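> Once you've had a glance at the structure underneath, I'll fire off some questions.
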Amino acid sequence: MPQDSKALQQKWTARITHARAHWATFHKRVRHNRSTVAGFNWNADPTGKDFYSLRANLIHGTISAVLPNVYARNPEISTTPTHSGADIKLFCKTLEKVTNRALEHAQLKNRAKSTVRAALTCSFGTLKVLYQRDPSKDAYIQGRINDAQENLLAIEDLARDLQDDDQHHHDVKRAELEELIKSLQEQSEVQSAEGLVIDRVLTENLLIDPSICEFWDYTDADWICQIIPMKRSQAEALYKRNLANAKIYQPGQGELSHRKARRLASMQMNAGSGPETDDQQIAVLEIWDRTTQRVYTMVEGATEWLREPYSPPRAGERWYPFFLLPYQVVDGQFVGPSLVDLTERLQDEHNEARDRFNQHRDLCIPGWVASADINEKTIKKHADSRFGEITIVDTEGKPLNQVIIPRGHPKIDPIVYDTSAVRYDWEQVTGLQDAARSTVVRPKTATEANILQRALSGRVFEFKDQIEDWLQEIAQYSAQVLLQELTSEQVERYMGAPITRTAMVDGKLTITKEKTYDWPTLTKDRIFDMVDLRIRAGTTGAPDGIEEKEGWLKVLPMITNLSIQIQNLQARGMDYEHIRNLLRETVLRYDDRIDSNLFIPNVEKQAEGYVDPNFGVNLFSERRQRVNSEISNDSNSLKEEISNDAGSK
C-alpha cells in the first residue's frame, strides 16, 4: 500500500474512533429506548409474569396510534413546470409516473414506516437511497434486488474456500457450490437486475461528523460514516479481500475501552476456524466525505481499503444519499428528545400507581375476627347443600356481636391512585392524549367525531409536516437519479407504447401515433430548473373515506355545472377564463391535491378534429343528415317546378 494511502486510512481510523466515543452515550440511550418500547425482560423466565413486566405499555400504544395518522400510504407526487412558457407538460407527467413507480417498487412505504417508528423511538431515523446496477461498483446496498450476481459472488467465495479448508469443511462447501451452480443454471432469478433501492439504516449505525451542532446541518457535515455489520464470508466475497485480521463486530462496542475491545476480538478470533468463523460479523465502514467528494470503504482491524476510493458516478444535487427524519428538533442541539424520552417517567408513574392499587386491593380479603374467649370447639359448622353453610357459635350467653365481628381492611382512597394527573402531563408533553388513549371512547355524534379528528390532526401536524418535507427530499433526489440512469426504452416500459389516434382532417380520416412519454436528453441542471417536484400535502395519512365521499358528493354538482359552462363558452368562441378561475378556486378550497385542469375540456383536441370511440356512429349520423337534407331540397325543387307549370297554364 502506498505510504500516503496508509496515512489517510490511519487518519480516518482516528476520526471514526473519536466519533464512536462522541456518540456512545446517545447510542446506548437508543438501545435502552428500544428495550423500553418492547417491554421484554430477557433475563426472566419466559413462562413467568416477570418476562413482560409492564402492566400498561402506553408508549407502544401511543406509537401504534400515531403511526397511521402520519404515514399510512405512499405520498402523491406532483410535478409541474416552473416556467409557464416551456412546453414540458408531457415530460412532467412522465417524470411523475416514473418516480412514483420506482419508489413503489423500492418498497418506500415499508421503509418509511420503519423510519417513522425509529424517529418516535430513537430521536431520528435514516433512509439511504441508491441505484442498483453492479455490485462491484455500487455503494453498499443491504436490500439489493435479487438477481444472479449475488449467486456468482457466493460461487467465487466457495471456490476460494475450497483451497484452504480441511477435508470435512471441503465436502460441505463443495456441496454448497454444486447447489449454487444448479440454481444459476436453472435461472431462477433475473440475471442482472437494476433499479432504485431504499435501505433502512439503524440510528446507531450512522456516525456523523461530531462538529455538527444543529440537526438540519447534517447535509453540510464534512463526512458521514455508515457502519455495516456483515458476515466475514460475505464481505470477502463482495470485496475480494482476505479479512482474517478484521475485528469482530460487537453491537455497542463503542461503550468499551479500546484495550477491552481488542482483547475481546482476539479471544473470539482464537476460538477456531470453520463455518462458525465465516458467520462471525465484522464492521465494514463506508465513509462519505463531502470535502473531497469521495467514498472510502474500510473494515475495522484491517490495514487497507476494501475497494479503491471512488466518486459516485450519478448522484443527485445533494451529496449524501442519507435522509434523516427527526421527531423533535431542539435549538443548538443535534439530538432531540424522542417520544420515549418524553414519556418514560410518566409511564413508570402510571404503572406504579396501578400496581400499588392492585396490591392494596389484594389486602381486602373478607374474614372474621373472634374473641379469644371462644375456642374452636365452641364453633360448629352445619352444611346445608341447598342454602350453603351455617355457622353455629356457642357464645356462652354473650351477644354475638361481642364474640365475632367481620374483619376490617385498609380503606381504598381512589384519589391516591388516580392517574388523571399523569394523563394531563402526557398531553402537555406530547400533545397526543387522544392518540395515547387510542380513541377508545367513541363519540356519540358525527360532530363530536369531526372535532376529535381535527384535534388529533392538529396535535400531530408538525411531525406530519416534517415527514412530508422529508419524503419530498427523497422524491426529488430519486427523480434526479432516475433521470441520469434510465434510458428511453426503460421509460417506455413504465409509460407504455405510443397510442394510435384517429381524426378527421379536411374530410379525410387520418391515423396518428401520440407519444405517451417524453424523456429529454438535456442536462440535469437544465431540467430541474424547469421542473418543480412536490408532495401533495396530507396524502400520507390514513384516509377518512366517509368524510371524503360526503364532501365529494357536495362539490360534484358545482364542478359539473362549471365544466358545462366552460364547454358552452368554448363552443361559442367566447372568453371563459373567469369561469376557469372560479373552477380552480372551488377545487382548491375543497382539496388542494386535485388538479382542476382535469375537469376542463381539451380545446386543442376539439380544434384538431379529435375523434372519440363513437367516431363511426357520429360519421354515420352526419351522412344521414346530409342525405336527408339533399332529399328535402330535391322535393322542394320539384314542388316549385310543378307550381310554376300550373301557373303558366
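The values are calculated or read from the model by the stated rules, or taken from the named source; none is laboratory data. Predicted model only: the values in this text are computed from it and were never measured. Heads up, the Cβs are rebuilt from the backbone with ideal geometry, glycines too, and the neighbour counts pull from every protein chain shown.
> Pick out the one residue from Leu127, Leu120, Leu95 that is touching a Lys or Arg at 6+ places or on another chain (Cβ under 7 Å) and touching a residue at least 12 places away in the same chain (Cβ under 8 Å).
Numbers: Leu120 fails: touching a Lys or Arg at 6+ places or on another chain (Cβ under 7 Å); Leu95 fails: touching a Lys or Arg at 6+ places or on another chain (Cβ under 7 Å).
So the residue among Leu127, Leu120, Leu95 that is touching a Lys or Arg at 6+ places or on another chain (Cβ under 7 Å) and touching a residue at least 12 places away in the same chain (Cβ under 8 Å) is Leu127.
> Taking the residues in region 81-98 that are hydroxyl-bearing (Ser, Thr, Tyr) and not in a helix (DSSP H, G or I) as candidates, determine which candidate is modelled with the lowest pLDDT. Outline the logic, then answer.
Our first condition is that a residue be hydroxyl-bearing (Ser, Thr, Tyr); within region 81-98, this holds for 82, 84, 94.
Those left that are additionally not in a helix (DSSP H, G or I): 82, 84.
Working: Thr82: 68, Ser84: 59.
Step by step, filter region 81-98, then rank; the result is Ser84.
> Turning to a different aspect of this structure: When the residues of region 295-331 are narrowed to those that are of a type in the set (Val, Ile, Thr) and more than 24 Å from Thr219 (Cα to Cα), which ends up modelled with the highest pLDDT? Give the steps one after another, and end with the answer.
Just the residues of region 295-331 that are of a type in the set (Val, Ile, Thr), to begin with: 295, 297, 299, 303, 329-330.
If we keep only those that are more than 24 Å from Thr219 (Cα to Cα) too, we end up with 299, 303.
On the way: Val299: 90, Thr303: 74.
Once the filter is applied, the top-ranked residue is Val299.
> Would you check which residues across region 99-116 are assigned to a helix (DSSP H, G or I), touching a residue at least 12 places away in the same chain (Cβ under 8 Å) and not charged (D, E, K, R) and list them? Before the answer, list the steps.
At the first step, the residues of region 99-116 found to be assigned to a helix (DSSP H, G or I) are 99-105, 108-116.
Now narrow it down to the ones that are touching a residue at least 12 places away in the same chain (Cβ under 8 Å): 99-105, 108-109, 111-116.
Listed by number, the residues that qualify are Thr99, Asn100, Ala102, Leu103, His105, Leu108, Ala112, Ser114, Thr115, Val116.
> With a cut-off of at least 3 residues that are at pLDDT 70 or above, name the helices (runs of 4 or more DSSP H) lying wholly within region 332-441.
Values: elements: 339-363, 400-403, 420-430, 433-437.
Fully inside region 332-441 and qualifying: 339-363, 400-403, 420-430.
> I'm checking my understanding of the structure. Among residues of region 504-522 that are at pLDDT below 75 and not in a strand (DSSP E or B), which one is surrounded by the most Cβ atoms within 10 Å (Cβ to Cβ)?
Leu522
> Among the residues of region 240-264, count how many are at pLDDT 80 or above and crowded, with 18+ Cβ neighbours inside 10 Å.
5
> Which one of Ala14, Ala44, Ala24 is farther than 30 Å from Glu427 by Cα, of a type in the set (A, V, I, L, M), without any contact (Cβ under 8 Å) to a residue 12 or more places away in the chain and touching an Asp or Glu at 6+ places or on another chain (Cβ under 6 Å)?
On the way: Ala14 fails: touching an Asp or Glu at 6+ places or on another chain (Cβ under 6 Å); Ala24 fails: without any contact (Cβ under 8 Å) to a residue 12 or more places away in the chain.
The conditions single out Ala44.
> What pairs come up if the first residue lies in region 476-493 and is more than 15 Å from Thr521 (Cα to Cα), the second is assigned to a helix (DSSP H, G or I) and of a type outside the set (Asp, Glu), and their beta carbons are under 7 Å apart, counting only those six or more places apart or on different chains?
Ser478/Thr99; Ser478/Ala102; Ser478/Leu103
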